[in-house]
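The values are calculated or read from the model by the stated rules, or taken from the named source; none is laboratory data. Predicted model only: the values in this text are computed from it and were never measured. Note: ideal-geometry Cβ built from the backbone for every residue, glycine included; neighbour counts use all protein chains shown. The protein model used for the area step is the full one, side chains on, heavy atoms only, and it has no ligands, DNA or RNA in it. Shrake-Rupley method; radii C 1.70, N 1.55, O 1.52, S 1.80 Å.
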Amino acid sequence: MSPFRTRPDEHARVGASAEVHDAVGHMVQQFADPMAWLRELVQNAIDAGATRIDGHLECSPTSSGRGGTVEVSITDDGAGMDQATVERCLLVLFRSSKDRDPTKIGKFGVGFFSVFAVSPRVVVVETGRDRAPEGLRLTLAPDFSYELEATPPRRGTTVRLTVDISPSKKPGDFARDALAALKKWCPHIEVPLRFTSHGLPDGDLDEQVDRPFEVTDGVSWAARDEQGARYVVTADPQPGARFFNRGILLHDTDEALVANVRFMVDDRALHHTVSRDDVRRDAAFHRCVDRAKGIAEGPLKERCVAVFRAAADASANARAKGESEPSAADVLARLARVVHLTPFSLDASALAMPLTDPIEGALTHTFTKRFLGSSPRYYAPAKGPITRALAKKGVPVVDLGAASGDTLLPLLRALHGDEALSVDARFTVVTPRAVHDLGAGPMRLAATLDTLRPAFKLTAFAFATLRGPASDRLFVSVDKRASLWTDPSVEVLIDHATDNPYALSSGRGAVFNLEHPRVARALAVSQRDPALAALILARLMALAAGALTEERDAELHRQAILGAGAS
């Protein structure tokens, strides 16, 4: 039975001194995750050339389901170790047989000792090499003493820890922590890795840990460089990076190493620091970052354009059918947050925006730059009477509702600045209603109103529903050349930026808002007294326009009395 040896004199036989205990204690403290020892064992298995790795937990619980004992093992079919390797490398702190091998992940000879982070009762290592006459069993005690004995021949290595679970804890929690650690640290290793358990009171585990080196959420570009390094670069408003060596996670950071991009890279030239809390910031690291940036500025940028168009098409077409396309809406939202920023810096001419209504049969539109002057870029939360009227005039309106969240509007403003305008703040749609459809009273009301036109020098009166900024107004005035005066089935689009729809002047007609409460009341009164209803409406209109003078008020009363007498 012999204790651990420390590196200064690898052949010396010394007891488990305070120096040894202190060295192991400091080493264990370097691992922020107490379950990171599983990563170290998997890493050793990969370095040994394993083609398969299995993790297993065997539980011996108490009758209460809390406390008990678990045996956790990592088994591989790698090259294994001989006695010299065990005694001169594995059992010597800070010494590794991989010191001069650039293909190996582990470098510092401290990884194996991380098993003591979970305070095992005993650690057993069973190992052997091909064609060796016998295998080896190493048994390590908590006081760092060990026994090394011969066993029947075998290939590969199994490291097994026996751990006592506190009576206040469940063995299942330990098992799930072990599985979570493997999934965190070994997600993309190049060999199959499976974790199973047996005897857990709350249900056993059986899960494949390794998975493809890819990202399923977001818009990404995968590539492999001439050195064999693997990259996946994703457009993401929350940047970050993950660094791997043969599928072992070295470091996960939210640093904006490439702005508006989250990437992961697996490169055999990358290595973690001694404390395992970072990746070495050396030439290999900077080469990987530069390569990720180049992918973002090149093929990923082109992919973002294509995916944005496809998502805009899918979402706009679904909304046109009264359906939804959540996945397309989410993609649009994700891209809308980043495509106009570095490293993409896409401008308006590159992006096909989803439209509320089709223009020339298309539900997406690319807003190209204008060389002379500028034209507004309109948007709306969804299609409606205003967007429909604009589409009839060939004016595209971006559908903000095609992307999830409030994401398209900031993109429009970033691309178009002050040219991005809301249709709901600028246009009113006038949808006229034929008077004879409103009933006998309104017909008499309209006839009486017609006698009052001279007081305003107006062309005509009409009734309609209003959608837009004027939807809460009593009336709007419309140019006499508008088609509604000759065809009541034709809608009129009022542009508040170029017209004053509340002015009363010659050459215009007045349209009363059927959904205004005072108009609705006048229509009700017209059933029994159309002259009174007409006078009330005319006076209210003059008041709303700021045009009710004493002279006009007297003229209105005179015309109303004359009209009533004539009837």
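Between Glu147 and Ala414, the distance separating the two model label sites (each 7 Å from Cα on the Cα→Cβ line) works out to 6.7 nm. Backbone phi angles across the stretch 488-500, fed through the Karplus curve with coefficients 6.51, -1.76 and 1.60 (θ = phi - 60°), yield HN-Hα couplings of x, 8, 9, 6, 10, 9, 9, 9, 5, 6, 10, 9, 10 Hz in residue order; Gly and Pro are listed as x.
Electrostatic tally near Gly203: other residues with Cβ closer than 14 Å to its Cβ, Lys and Arg +1, Asp and Glu -1, net -3. For the stretch 224-324, the extents of the C-alpha atoms along the principal axes are 59, 27, 22 Å, listed from largest to smallest. Going through the stretch 458-500, which trypsin sites (Lys or Arg not before Pro) have at most 11 other Cβ atoms within 10 Å and a DSSP loop state? Those that pass, being in a loop and sparsely packed, are Arg481.
Here are some values of Cα Rg over 2.2 N^0.38 Å: [x] 2.20; [y] 1.60; [z] 1.03. Which one was computed from this structure? Among [x] 2.20; [y] 1.60; [z] 1.03, the one derived from this structure is [y]. 3J(HN,Hα) along the stretch 156-170: x, 9, 10, 10, 10, 10, 9, 10, 7, 8, 4, x, 8, 10, 9 Hz, from the Karplus curve 6.51 cos²θ - 1.76 cosθ + 1.60 with θ = phi - 60°, whole Hz, x for Gly and Pro. The spread of Cα positions in the stretch 272-387, taken along each principal axis and listed from longest to shortest, comes to 66, 39, 19 Å. Taking amide hydrogens as placed 1.01 Å from N in the peptide plane, the amide H of Arg52 sits under 5 Å from those of Asp77, each at least 5 positions away in sequence or on another chain. Need one number: % antiparallel among DSSP beta bridges in the stretch 373-465, to the nearest 5. So the antiparallel bridges amount to about 35 percent of the total.
Residues whose amide H lies under 5 Å from that of Arg433, counting only those 5 or more places away or on a different chain, are Phe463, Ala464, Thr465; hydrogens are built 1.01 Å from N in the peptide plane. Note on Asp499/Arg303: beta-carbon distance plugged into 1/(1 + (r/R0)^6) with R0 of 51 Å gives a FRET efficiency of 0.70. Computed with every protein chain present, the accessible area of Ile561 is close to 120 Å² [probe 1.4 Å].
Spin-label pair Ser64-Asp529: with each label point 7 Å from Cα along the Cα-Cβ axis, the two points sit 8.9 nm from one another. Summarising the amide proton neighbourhood of Tyr378: residues at separation of 5 or more, or on other chains, whose placed amide H is nearer than 5 Å comprise Val398, Leu421.
Could you sort Arg508, Arg539 by their accessible area in this structure, using a 1.4 Å probe and putting the largest first? Write out the running numbers ahead of the final one.
Numbers: Arg508 30, Arg539 75 Å².
Order by accessible area, largest first: Arg539, Arg508.
Using the Kirkwood radius over C-alpha pairs as Rh, can you work out the diffusion coefficient of the stretch 376-533 via Stokes-Einstein at 4 °C, viscosity 1.567 mPa s, in µm² per second?
Working: Rh = 17.0 Å.
My calculation gives 76 µm²/s for D.
Taking all protein chains as they are arranged and a probe of 1.4 Å, the heavy atoms of Glu419 leave approximately 60 Å² accessible to solvent. Kindly list the residues of the stretch 415-452 that lie in the label zone of Ala554, defined by a backbone N under 12 Å from the point 7 Å along the Cα-to-C-beta vector. Residues passing the 12 Å test: none. If a spin label sat at a point 7 angstrom from the Cα of Lys183 along the line to its beta carbon, the backbone N atoms of the stretch 198-230 nearer than 15 Å would be those of 204-212. A simple rule links phi to the HN-Hα coupling: the Karplus curve 6.51 cos²θ - 1.76 cosθ + 1.60 with θ = phi - 60°, which for the stretch 381-393 gives x, 5, 6, x, x, 5, 5, 5, 5, 5, 4, 4, 8 Hz, with x for Gly and Pro. For the Cα trace of the stretch 375-433, dividing Rg by the Kirkwood Rh returns an Rg/Rh value of 0.99.
The residues of the chain expose, per residue, 46 Å² of accessible area to a 1.4 Å probe. If both residues of a DSSP beta bridge must be in the chain, then about 80% of such bridges are antiparallel.
Between the alpha-carbon centres of the stretch 236-262 and the stretch 411-463 there is a gap of 57 Å. Per residue, the average separation of C-alpha pairs within less than 8 Å and at least 6 apart gives the stretch 318-447 a relative contact order of 26 percent.
Quick one: which of Lys293/Lys383; Lys383/Lys480; Lys301/Lys392; Lys293/Lys393; Lys383/Lys457 span more than 32 angstrom between C-alpha atoms? If you can, show how the numbers build up before the last one.
Working: Lys293/Lys383 39 Å; Lys383/Lys480 28 Å; Lys301/Lys392 34 Å; Lys293/Lys393 44 Å; Lys383/Lys457 37 Å.
The pairs that break the limit, which is 32 Å between Cα atoms, are Lys293/Lys383; Lys301/Lys392; Lys293/Lys393; Lys383/Lys457.
How much of the accessible area of the chain, probe 1.4 Å, is carbon plus sulfur, in whole percent? For the chain, the apolar C and S fraction of the accessible surface comes to 50 percent.
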